[in-house]
Amino acid sequence: MEQNRKMLIKVCGLTRAEDVILCEELGVDRIGFIFHPASPRNVDVPQVADFVRGRALRVGVFVRQSANQVCKIMDQAGLDLAQLHGGQDQAFCRAVGPRRVVKVFWPQRYARLEDLQRDIEADATFCQAVLLDAGISGGGHGRSLDFGWLAGLRSPLPWFLAGGLGPENIRDALSRCTPDGVDLNSSVEDALGRKSREALTQALRELKG
């Protein structure tokens, strides 16, 4: 990681009040809550609304909801950003509000880095950041990307690296590509939806070291 470069840290898949508090104690920048019934980390609106509010931006992860439903959930749960995992189009992003949208892309869908970069550039005015995840859909499965393949990415927007990032591989990932932020989930858990204080603390130590 470059010296004096601020790396944004997001922890996703939070389901417990104590994990929200832990993230605040550790200085995490963004905390994510998954609103998708098929996910083992699914949460509901009252649950998230009751979590303590701190400095971290609160991110809702959405897959199949309509734009109106996303906006309603954001309002009721007290969310700052919407992370869109369902291939939502530019009209959808515009309806939610470009400054509130984090658009997800799956690099493994692309044969060439230039094609991924082209699609990010096409959506640049419709979101405030992008997140690159492993696999070809979904997330939270613990698989990792080919970090080196992303070394030449020149995104017009801040971009987050996701996919199996934890204490064991975070430094290697950041030595191979240069994201603006990282998204931690399955590799900092004791069980699905239950974050590990030890693993999360160690991951942040690796990031800041």
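The values are calculated or read from the model by the stated rules, or taken from the named source; none is laboratory data. These numbers come from a predicted model, not from an experiment. No Cβ is skipped: glycine too gets one built from the backbone with ideal geometry, and neighbour counts run over all protein chains shown.
Taken over region 27-70, the residue count meeting the criterion of being touching a Ser or Thr at 6+ places or on another chain (Cβ under 7 Å) and not β-branched (Val, Ile, Thr) is 1.
Answer yes or no as to whether Leu131 is in contact with an Asp or Glu (Cβ under 9 Å, 6 or more places away or on another chain), modelled with pLDDT under 95 and either among the aliphatic types (A, V, I, L, M) or surrounded by fewer than 14 Cβ atoms within 10 Å (Cβ to Cβ) (or both). Considered against the rule, which asks whether it is in contact with an Asp or Glu (Cβ under 9 Å, 6 or more places away or on another chain), modelled with pLDDT under 95 and either among the aliphatic types (A, V, I, L, M) or surrounded by fewer than 14 Cβ atoms within 10 Å (Cβ to Cβ) (or both), Leu131 comes out as no.
Among the conditions (1) crowded, with 16+ Cβ neighbours inside 10 Å; (2) of a type in the set (Gly, Ala, Ser); (3) under 20 Å from Ile9 (Cα atoms), the only one that Gly97 does not satisfy is (3).
Among residues of region 30-56 that are of a type in the set (S, T, N, Q), those with a Cβ under 6 angstrom from a residue that is at pLDDT 95 or above, sequence gap 6+ or separate chain, pair up as Asn42/Ile34; Asn42/His36.
All told, Asp115 falls short of being in contact with a Lys or Arg (Cβ under 6 Å, 6 or more places away or on another chain) and either over 17 Å from Gly181 (Cβ atoms) or surrounded by fewer than 16 Cβ atoms within 10 Å (Cβ to Cβ) (or both).
Scan region 184-200 and give yes if some residue there is under 22 Å from Val59 (Cβ atoms), out of contact with any helix residue (DSSP H, G or I) (no Cβ under 8 Å at 6 or more places or on another chain) and in a helix (DSSP H, G or I), otherwise no. Within region 184-200 (the criterion being under 22 Å from Val59 (Cβ atoms), out of contact with any helix residue (DSSP H, G or I) (no Cβ under 8 Å at 6 or more places or on another chain) and in a helix (DSSP H, G or I)), the answer is yes, since at least one residue qualifies.
Exactly one residue out of Gly148, Gly140 is under 30 Å from Asp44 (Cα atoms) and modelled with pLDDT under 95: that is Gly140.
Among the residues of region 37-64, what is the count of those that are buried (at least 20 other Cβ atoms within 10 Å of the Cβ), under 20 Å from Val102 (Cα atoms) and in contact with a Phe, Trp or Tyr (Cβ under 9 Å, 6 or more places away or on another chain)? Number of matching residues: 9.
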